[in-house]
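Scroll down for the structure; my scribbles are underneath it.
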Amino acid sequence: FDTSNFNAYSYITEESKIKYSDEVLDAYAWAYANGVVTSNDVEKARVYSYITRAELAKIMVQYVAGVLKKKPVVEWNVSYADVDESLWEYAGYINLAYQYQIMGINADGTPLKEFGLKSLVTRAEFASVLSRVLYGDKYNVDGSAFYSMHIDVLNQLGIIKDTNPAILEKIGWILIMLKRASKDIPNTKDVSNVEYCPITAEDEQKAAYE
């Protein structure tokens with residue numbers, strides 16, 4: 001759909017402005033205007049909810065294809081033991097996440113046996129996915145610290161503030177970090193109409209309980 005004249009803040013009520021931080025609302029509005037999320041209601045977007053790997057696959061494919069305008073890295077389809085067509089659209093997004101080589105892969109790009117679609121996403125996992133979106137396989141490493149180089153480079157760029165790899169990600173935090181990563185990308189729709197202070201690691205932790 002055409003979002004050229006769309007004001008995402010039309011769907012943000014006065015009650016929402018009290019319930020959610022300015023930066024979360026701004027990131028949601030940016031994400032909706034740029035097609036990263038499809039819900040036109042911040043409440044339905046569940047910005048303070050934890051996110052599963054299947055849900056992350058959808059968001060990241062929409063981001064890499066719609067915002068970054070990138071093409072898949074590989075053309076062949078993938079098969080995971082825990083993914084089938086009964087998942088409807090999620091099966092397609094998971095397959096595309098593999099084709100973009102951003103999720104469901106080992107360090108060498110080969111597919112995992114299972115995608116882990118219902119597992120909640122940690123900061124380690126999200127950092128790895130976003131780093132692959134931006135830099136390909138440059139920072140992929142094997143082993144239990146697979147995330148280490150991914151999270152370090154994103155922290156150095158100011159995209160990720162809290163580098164605790166065990167944090168469980170929430171949708172709103174992910175949208176904030178995607179917006180941070182996109183600040184220098186041309187042709188994205190900047191719908192910001194509020195001023196705010198950059199969110200801190202402590203604010204990220206507190207936000208869910210406001």
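Just for the range 75-114: of the residues that are aliphatic (A, V, I, L, M) and over 21 Å from the mean Cα position of the chain (by Cα), which one is most open to solvent (accessible area, probe 1.4 Å)?
So in the range 75-114, the residues aliphatic (A, V, I, L, M) come out as 78, 81, 83, 87, 91, 94, 96-97, 102-103, 105, 107, 112.
From what is left, the residues that are over 21 Å from the mean Cα position of the chain (by Cα) are 78, 81.
On the way: Val78: 33, Ala81: 84 Å².
By that ranking, first place goes to Ala81.
Can you name every one of the helices (runs of 4 or more DSSP H) wholly within the range 8-74 that holds 3 or more residues which are open to solvent by less than 20 Å² (accessible area, probe 1.4 Å) and over 23 Å from Tyr100 (Cβ atoms)?
Result: 22-33.
Suppose the filter is open to solvent by less than 20 Å² (accessible area, probe 1.4 Å), part of a helix (DSSP H, G or I) and of a type in the set (Phe, Trp, Tyr); does Phe126 pass it? Show your work before the answer.
Values: open to solvent by less than 20 Å² (accessible area, probe 1.4 Å): yes; part of a helix (DSSP H, G or I): yes; of a type in the set (Phe, Trp, Tyr): yes.
The answer is yes for Phe126.
The values are calculated or read from the model by the stated rules, or taken from the named source; none is laboratory data. These figures come from a predicted structure and were not determined experimentally. In this analysis, Cβ positions are derived from the backbone assuming ideal geometry, glycine residues included, and neighbour counts consider all displayed protein chains. Ligands, DNA and RNA are excluded from the accessible area calculation, which covers all protein heavy atoms including side chains. Shrake-Rupley method; radii C 1.70, N 1.55, O 1.52, S 1.80 Å.
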